[in-house]
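Written out below as structure tokens is the structure these notes cover.
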Amino acid sequence: MKAVTVIPLVKDSLALRDMPKPSPKRGQVLLGPIEVGVCGTDKDIIEGRYGAPPPGEEYLILGHEAVAEVIELGDGVDNVGVGDIVVPTVRRPTTCTLPITELDYCPRGTYAEHGIWYLHGFAAEFAVTDSQYLVKVPKEPSMLPYSRSH
Ligand SMILES: [Zn+2]
């Protein structure tokens, strides 16, 4: 699949690369990103200021702000269905023990973040994430900023 990648901490390593299509594990979903935001954090990552790839990998797929369609469910997923439109939140606790609604307060080093620290982001044809961190949004195209036809 095509993905927007960087080599973290390497300035101007931004490139569209072919990356393996991910598969959802238990509790995860396969997403088809529809729209991906670009912000100052992405600029900092592209300029090599910070970011980290998933363990054992060289590249990091960018994109931490997205709207996506649920394409496939991993085993045990029952909170969303195929075809749902969702916003995946960015942060996943690693050692942080705060409740799911308070993850923004986790101390640095106790979490991973899609597209920033240790987890691939959503600027790709496909992405996987844990289903419990998805926020469902309305399916009506008028509720989305742009349709897939753009
Ligand atoms: Zn951002």
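The values are calculated or read from the model by the stated rules, or taken from the named source; none is laboratory data. From a predicted model like this one, the values you see are computed outputs, not experimental measurements. So basically every Cβ, Gly included, is an ideal-geometry build from the backbone, and we count neighbours across all protein chains shown. Please note that ligands, DNA and RNA were not included when accessible areas were found on the heavy atoms of the full protein model with its side chains. Shrake-Rupley method; radii C 1.70, N 1.55, O 1.52, S 1.80 Å.
In the set (1) surrounded by fewer than 16 Cβ atoms within 10 Å (Cβ to Cβ); (2) at positive phi; (3) of a type in the set (Gly, Ala, Ser), Gly51 fails one condition alone, (1). Residues in the stretch 20-48 that are open to solvent by 60 Å² or more (accessible area, probe 1.4 Å) and more than 14 Å from the ligand (Cβ to nearest atom): 5 in all.
Within the stretch 56-66, the set of residues being more than 14 Å from the ligand (Cβ to nearest atom) and either touching a His at 6+ places or on another chain (Cβ under 7 Å) or under 16 Å from Arg91 (Cα atoms) (or both) comprises Leu60, Ile61.
Within the stretch 104-113, the set of residues being open to solvent by less than 20 Å² (accessible area, probe 1.4 Å) and assigned to a loop (DSSP other than H, G, I, E, B) comprises just one member, Cys106. For the stretch 54-103, filtered to residues that are acidic (Asp, Glu) and under 21 Å from Met1 (Cα atoms), the residue that is surrounded by the fewest Cβ atoms within 10 Å (Cβ to Cβ) is Glu58.
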